[in-house]
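Here's the structure, in structure tokens; my notes come after.
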Amino acid sequence: MSVDVVAPTRDRSALSLITAGILWGTGGLSGSILAREAHLAPLPVAAYRLLIGGGLAIALLAVSGGLRGLPRTRAALGRVLLTGGLLGFFQGSYFLAVQYISVSIATMATIGMLPVFVALGTVLRTRRRPDTATLTAIAGAVTGLILLTWSPNGVTTGWRLAAGVGFALLAAAGFATLTLLTTRVVEGLDPLRTTAFGMLTGGLLLMPIALTSGMSLPLRPATLATAAYLGSVPTAVAYTAYFRGLRTAAPIFAAIAALLEPLTAALLSVVVLGERLSVAGWCGAALLIVALGVSNRR
């Protein structure tokens, strides 16, 4: 009886996390389009992403009656502030990394180290060494990501490389912390509420820095549509799915599922932008999928 209950729950959690990873993959393309159309620097794009995503999620809560009976406990307030702070820290650190190194290297360092940091955090919390299947899944996922995104052409060197990788590692540590801490359910805070108020808080925290880079958004239909998509699908919807999946899934599977973001972005570049993926890239994509399957079975 317990197996019949646990298996569908695990499958739903896995589906939510996989959905989040795929939707995040569309965020890179839409974010780059918004930056090009509106002539925005990376940090304002990150701030707009969180502010629009949080605003849309709160509007959905208002329409559905989800704003009634909001918890006013210290635990709920602490979770919202923690989520917002970590989301802002993650987005800000990642886009600072992009300023120093290429997008592919920043993504590889950030997303590639995420399952490693989650595994280390899990070891510290549980005082148990990861099993062989988990370590194999992590190794396969990181190797697949390197094959998928690595490009030796035009790699930054010197202090810019060190700064970029440093910010990418900070981003990975921030998101790993978010993944580990939000697995604990706070009474009265469902995934949509966590997403709504966490994103709004994170966006407000980023605004002072983003304003120094300019946040003017041209009121053109195409630009507004791109901003709305960036804030809704790969942000509000994706993070709601991620937080929903974290309630019952293992954190390490959630971290590996996040690697679907660069995989989706790479496939979109092939389909939408006409770019070509090398043989190594296709092998890396296959390794990512296999690692995800191994982690889910485990």
_Conditions first: (1) in contact with a helix residue (DSSP H, G or I) (Cβ under 8 Å, 6 or more places away or on another chain); (2) more than 17 Å from G203 (Cα to Cα); (3) not in a loop (DSSP other than H, G, I, E, B). G54 passes all but one, so which condition is the exception?_
(2)
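In this structure, is G69 in contact (Cβ under 8 Å) with a residue 12 or more places away in the chain and either touching a Leu at 6+ places or on another chain (Cβ under 6 Å) or under 21 Å from G203 (Cα atoms) (or both)? Step through it out loud before you land on a result.
Details: in contact (Cβ under 8 Å) with a residue 12 or more places away in the chain: yes; either touching a Leu at 6+ places or on another chain (Cβ under 6 Å) or under 21 Å from G203 (Cα atoms) (or both): no.
For G69, the condition - in contact (Cβ under 8 Å) with a residue 12 or more places away in the chain and either touching a Leu at 6+ places or on another chain (Cβ under 6 Å) or under 21 Å from G203 (Cα atoms) (or both) - is not met.
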*Output yes when any residue across the stretch 158-172 is in a helix (DSSP H, G or I), modelled with pLDDT under 75 and open to solvent by 40 Å² or more (accessible area, probe 1.4 Å), and no when none is.*
yes
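If we scan the stretch 18-30, do we find a residue that is open to solvent by 40 Å² or more (accessible area, probe 1.4 Å) and at pLDDT below 80?
Of all residues in the stretch 18-30, those open to solvent by 40 Å² or more (accessible area, probe 1.4 Å) come to 18-19, 22, 28-29.
Filter again for at pLDDT below 80, leaving 28-29.
Yes, because at least one residue in the stretch 18-30 is open to solvent by 40 Å² or more (accessible area, probe 1.4 Å) and at pLDDT below 80.
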*G112 is checked against (1) open to solvent by 50 Å² or more (accessible area, probe 1.4 Å); (2) of a type outside the set (D, E); (3) under 18 Å from the mean Cα position of the chain (by Cα) and fails just one. What number does that condition carry?*
(1)
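Can you tell me which residue within the stretch 227-268, out of those that are hydroxyl-bearing (S, T, Y) and under 21 Å from A46 (Cα atoms), is surrounded by the most Cβ atoms within 10 Å (Cβ to Cβ)?
Kept after step one, since they are hydroxyl-bearing (S, T, Y), are these residues of the stretch 227-268: 229, 232, 235, 239-240, 242, 248, 264.
Then keep just the ones that are under 21 Å from A46 (Cα atoms); that gives 229, 232, 235, 239-240, 242, 264.
Numbers: Y229: 19, S232: 18, T235: 30, Y239: 27, T240: 24, Y242: 26, T264: 21.
Ranking the qualifying residues of the stretch 227-268, first place goes to T235.
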*Spot the failing condition for T182; the list is (1) open to solvent by less than 30 Å² (accessible area, probe 1.4 Å); (2) over 18 Å from the mean Cα position of the chain (by Cα), and only one is missed.*
(2)
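Sort out which residues of the stretch 185-228 are among the small types (G, A, S) and touching a helix residue (DSSP H, G or I) at 6+ places or on another chain (Cβ under 9 Å), and write them in order of number.
Result: G188, A196, G198, G202, G203, A210, S213, G214, S216, A222, A227, A228.
The values are calculated or read from the model by the stated rules, or taken from the named source; none is laboratory data. This one's a predicted model, so the numbers in the text were calculated from it and none came from an experiment. FYI the Cβ positions are ideal-geometry reconstructions off the backbone, even for glycines, and counts take in every protein chain you see. Remember, those area values only see protein heavy atoms, side chains included, never the ligands or the DNA or RNA. Shrake-Rupley method; radii C 1.70, N 1.55, O 1.52, S 1.80 Å.
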